[in-house]
1. Taking the Cα centre of region 148-290 as origin, sum charge times position over the Cβ atoms of Lys and Arg (+1) and Asp and Glu (-1), and report the length of that vector in debye to the nearest 20.
2. Can you spot the aspartates and glutamates whose alpha carbon is less than 18 Å from Lys143's alpha carbon? Ignore those fewer than 8 places along the same chain.
3. Counting each DSSP H run of 4 or more residues in the chain as -39500 (n - 2.57), what helix-only mean residue ellipticity at 222 nm follows after dividing by all residues, to the nearest 500 deg cm²/dmol?
4. Measure nothing but the geometry: give the 0 to 90° angle between the long axis through the Cα atoms of 170-182 and the longest principal axis through the Cα atoms of the chain, rounded to 10°.
5. To the nearest 20 Debye, how big is the dipole of region 99-230 about its Cα centre, given +1 on the beta carbon of each Lys and Arg and -1 on that of each Asp and Glu?
6. To the nearest 10 degrees, how steep is helix 99-113 against the longest Cα principal axis of the chain, on a 0 to 90 scale?
7. Gain in length, Glu29 to Thr219, computed as 0.36 nm per residue apart minus the alpha-carbon separation, to one decimal in nm?
8. Taking only Cα atoms and a 10 Å spring cutoff, compute GNM fluctuations for the chain and point out the largest among Pro99, Pro119, Pro268.
Amino acid sequence: MVALMGELTAWSGVAGFASLQATEELETELLLEALYQRFGVDFRGYARAGLRDKLQAMLRQRGLATLSSLQERVLHEPGVASALVRALAVQKVALFDQPADTRRLRTALGDSLRPTALPKVWLAEPGGVGEAWTLAILLAEEKLYGRTEVFATLGSDELLADLRDATVPLAQLAQAQQGYEESGGLGRLADYFEVSGDQARLLPRLRERITWAQYSLVTDASFNEFHAIVCRRVLPDFGPLLRQRVLRLFRESLSLFGVLGLDRELGPADACVGDYQRLFDDGGWYKRVR
């Protein structure tokens, strides 16, 4: 009898955990659907593991017990939806935060864009101005920026509003100098910025070549042909189906012999993998060859 009671208790615990997990999964789906239906921001195709961590962090931050309570605030309290979008979106990164990868970007774009009269580069869901301004400086040093148009796109208008007039702390320039040099930079990073107080902003002649625009990788179709597409921050957040959709979208949007920069190497089952040639021994850098 004691053994039987123990088994029943264990079963009850497992069943209770499964029920709690199922409830949380349902709450997650309802929250994401509410965010999409009410505000037009679509996280429904994102991988659930990463979303769960970010949602739980927001619950702790706001002292909430359930995702249902968060959904209520998203729908009825001003500012909560914006906070949720910022929490789930790609987080802002510092200038030249990945010098080894930026060195590959410098080489790939330099070789690919130089023969093109008016190159177009798509920076999809960047990690704030840190990533966009890193690209701008790199292109300037490769003598490509004056004739290259950069399209930086984000899925949320509110995130775009944050970035159009953004600055970075002046101290970040000194911190990023080493990463800049390790990426192949030969000058002084601060020379590319104007300073006001303790904030720095990219020089106007470099900012003016960046077009910031709202665009959803989840739902929108191809909007131009590009000679390079870089998307390295948001792809790890995508679920398998959404990732394949985006890979097909990039193939439709990339010109022949254009460069594609991804978060990781393509696998045998990835969409359009046969249309690309690897550029380096490691990393997700490719040239479209057919």
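Rule-based calculations on the coordinates, nothing more; no lab input. What you see is a predicted model, and the numbers here were worked out from it, not measured in a lab. Note that we place each Cβ from the backbone using ideal geometry, even for glycine, and neighbour counts take in every protein chain shown.
1. On the way: 17 positive and 21 negative charges, 90 e Å.
Result for region 148-290 is approximately 440 debye, rounded to the nearest 20.
2. Asp111, Glu181, Asp191, Glu208
3. The per-residue figure over the chain is -15500 deg cm²/dmol.
4. That works out to roughly 70 degrees.
5. On the way: 13 positive and 19 negative charges, 105 e Å.
For region 99-230, the charge dipole is close to 500 debye.
6. Between the helix axis and the principal axis of the chain, the angle is about 50 degrees.
7. Working: separation 190, 0.36 × 190 = 68.40 nm, distance 1.76 nm.
In short, 66.6 nm is gained.
8. Pro268
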